[in-house]
Amino acid sequence: MINARMKPRDENKARDILAATLVEVEALGLAGLSIAAVARRANVATGTVYIYFESKEALIDALYLATKKEMAETIFRAGEPGPVEELPVRVAFERMCLAYLEYLVENGAAVVFMGQVKNSPYLSETSKRETSTVTKALTDLLARGRRERLLKDLDDELVLAFLQGTLREMATLAAREPRANRKKRLRQIAALCWDALKA
């Protein structure tokens, strides 16, 4: 039986706590993160944070999973002119690259956070498994590109590492562009990545 005095989980409050955690990590790093600081920033009692996340480790793990899923939805979401699977390989590839670049430019704190947590002890095996499927849309596209003989016959791990490293570095460059010129620069970068990998 549910305790009548027990409050249901407030998903908005959980989101506020996760958002506050991201800001705190950006300011202080993972080592400097404290539940008390997160609570102050989220404007809740310290005990409230523990209602939603049983420990600092659980909070960081939950934030990593939420951030990674949000990034994937941004990059791989269906949009104009249609779902990625229905687009020509080059169009879909460049659209994904462009979306990833835009995410990197607009979400610096999230990108830094994910980089810090990726190889840290804070990341649970469950989160590792759940986030391993994040790149499925891209790996499916790469496989289609190889089948159609449009892309080099390279191992996915190599291609993903190349794209991630290149796009992260180029996003830093693009972020310095005046906003009016940025879209053009991002399109140029996406086209460069295609040229590097095309058969």
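The values are calculated or read from the model by the stated rules, or taken from the named source; none is laboratory data. Computed from a prediction, not measured in an experiment: that's the story for all the values here. Cβ atoms come from the backbone with ideal geometry, glycine included; neighbour counts cover every protein chain shown.
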Problem set entry | Members of the stretch 153-182 that are charged (D, E, K, R), over 20 Å from the mean Cα position of the chain (by Cα), surrounded by fewer than 14 Cβ atoms within 10 Å (Cβ to Cβ) and over 22 Å from Asp140 (Cβ atoms) | Arg176, Arg179
Problem set entry | From Ala175, Ala196, Ala143, Ala190, residue being within 24 Å of Glu26 (Cα to Cα) and of a type in the set (Gly, Ala, Ser) | Ala175
Exercise. When you go through Leu101, Leu138, Leu142 one by one, which is the residue that is farther than 30 Å from Ser55 by Cα, modelled with pLDDT under 90 and assigned by TED's automatic domain parsing to the domain that holds Arg179?
Worked result: Leu138
Exercise. Which residue, of Thr133, Thr139, is exposed (fewer than 12 other Cβ atoms within 10 Å of the Cβ) and of a type in the set (Ser, Thr, Tyr)?
Worked result: Thr133
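Among Ser120, Ser127, which is polar (S, T, N, Q), in contact (Cβ under 8 Å) with a residue 60 or more places away in the chain and assigned to a helix (DSSP H, G or I)?
Details: Ser120 fails: assigned to a helix (DSSP H, G or I).
When all the criteria are applied, what remains is Ser127.
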Problem set entry | Elements of type helices (runs of 4 or more DSSP H) in the stretch 1-55, at least 1 residues being at pLDDT below 90, outside the structural domain of Tyr122 (by TED's automatic domain parsing) and surrounded by 13 or more Cβ atoms within 10 Å (Cβ to Cβ) | 11-28
Seminar exercise, completed: Matching residues in the stretch 133-155 (touching a helix residue (DSSP H, G or I) at 6+ places or on another chain (Cβ under 9 Å), more than 15 Å from Phe76 (Cβ to Cβ) and of a type in the set (Asp, Glu)) number 2
Exercise. Counting only residues that are free of Cβ contacts under 8 Å to residues at least 40 places away in the same chain and assigned to a helix (DSSP H, G or I), which one in the stretch 132-141 is nearest to the chain's Cα centre (by Cα)?
Worked result: Lys136
